[in-house]
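Since every read-out is calculated from the coordinates, none of them should be taken as a lab result. As the structure is a prediction and not an experimental result, all values here were calculated from the model. FYI the Cβ positions are ideal-geometry reconstructions off the backbone, even for glycines, and counts take in every protein chain you see.
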Amino acid sequence: MKPLKIAVSKGRVKDQLIALLKEAGFEFEDLKSRKLEHVDTTGRISLISVKADDVTTYVERAAADLGVLGSDILYERSFDGYELRYLPIGKCRMCVAGFRGFNLSERSFVRIATKYPKRAKDLLEEKGINGEILFLSGSVELAPIVNLADCILDIVETGKTLEENDLVVLETIGQISSVLIANRISFKLMNDRMMALLNDLDAAEKRSAAK
Ligand code: PRP
């Protein structure tokens, strides 16, 4: 039987997912190599490492049966598939940040730099503020510093990047965590195996919380 294929974003989330899967009884070898696919020692699941922005594409096209990506990125997509559950990994906050003293609500027009244009558009609409959304693909914290934008909308995990660039959180918009998504057809064809994996993850999460 072919393993259940899970597309996961490279980096921090992948490391946390491997730790969660270990708690759920899955072991992977050769993790230090630059291989992009890792099958667990029992052959039940396989992890493929992709860019966070590409996870939904792999899952929609059935190149992966399941995917793990941040709820921040999923919000930006019109994903055609199932959102199975939130995972206790990849936790951070979506925040408006900028120079201390900047007040978004006092502004009638704002330039906001972000990797999350849909979230930024919705935020401005919710607040009734006119604005210009500047899409950047990284190092967003630079934008207020070089006067490219008045503030940023970005994820904050430890807060270190903001602190080291003399910026502060002005407003927390919401909590972010990783989400497990599934291809529609795979969900039907491999339902028993997916449900077994969900049960294993539930048990692992309970064990981790009790530690
Ligand atoms: C993310 C985010 C912030 C940083 C926050 O960037 O966009 O820049 O992490 O983390 P912290 O609160 O722990 O400092 P990422 O590391 O993904 O790099 P990027 O700037 O290339 O998007």
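What does the net charge come to around Leu148 if you take all other residues with beta carbon closer than 13 Å to its beta carbon, with K and R at +1 and D and E at -1? Within the 13 Å Cβ shell, the charges total -2. At full extension, Phe109 and Glu27 could sit 24.3 nm farther apart than now, given 0.36 nm per residue minus the alpha carbon distance. Among Asn183, Asn165, Asn147, whose mean-square fluctuation peaks in a Gaussian network model of the chain (Cα, cutoff 10 Å)? Maximum fluctuation in the GNM of the chain, among the listed residues, is at Asn147.
Shape index of the chain: Rg/Rh, with Rg the Cα radius of gyration and Rh the Kirkwood radius from the inverse mean 1/r over Cα pairs, equals 1.03. Inter-label distance, Thr172 to Ala196: 3.9 nm, where each label sits 7 Å from its Cα along the C-beta direction.
Take the cross-link list Lys32/Lys121; Lys5/Lys160; Lys14/Lys121 and give me the ones stretching past 31 Å between alpha-carbons. Beyond 31 Å: Lys32/Lys121; Lys5/Lys160. All distinct Cα pairs of the stretch 7-120 go into the 1/r average, and the inverse of that average, the Kirkwood radius, is 16.3 Å. Label reach from Arg12 (point 7 Å along Cα→C-beta): in the stretch 123-141, amide nitrogens under 18 Å belong to 137-141.
Using only side-chain charges placed at the Cβ, +1 for Lys and Arg and -1 for Asp and Glu, the dipole size of the chain relative to its Cα centre rounds to 480 debye. Projecting the Cα atoms of Ser139, Gly101, Asn165 onto the charge dipole of the stretch 63-200 (Cβ charges, centred on the Cα centre) puts Ser139 farthest toward the positive pole. When only Cα pairs below 8 angstrom with a gap of at least 6 residues are kept, the chain shows a relative contact order of 27 percent. Nearest 0.05, what FRET efficiency do Thr158 and Lys51 give at R0 = 25 Å with Cβ-Cβ as r? Calculated value: 0.65. Residues with beta-carbon under 9 Å from that of Phe28, excluding Phe28: net charge, scoring Lys, Arg +1 and Asp, Glu -1? Net local charge, Phe28 excluded: -3. For a straight C-alpha distance cut-off of 17 angstrom, the lysines reachable from Lys2 (same-chain residues fewer than eight places away being disregarded) are Lys188.
Scaled against the 2.2 N^0.38 Å expected of a compact globular protein of N residues, the Cα radius of gyration of the stretch 92-211 reads 1.40.
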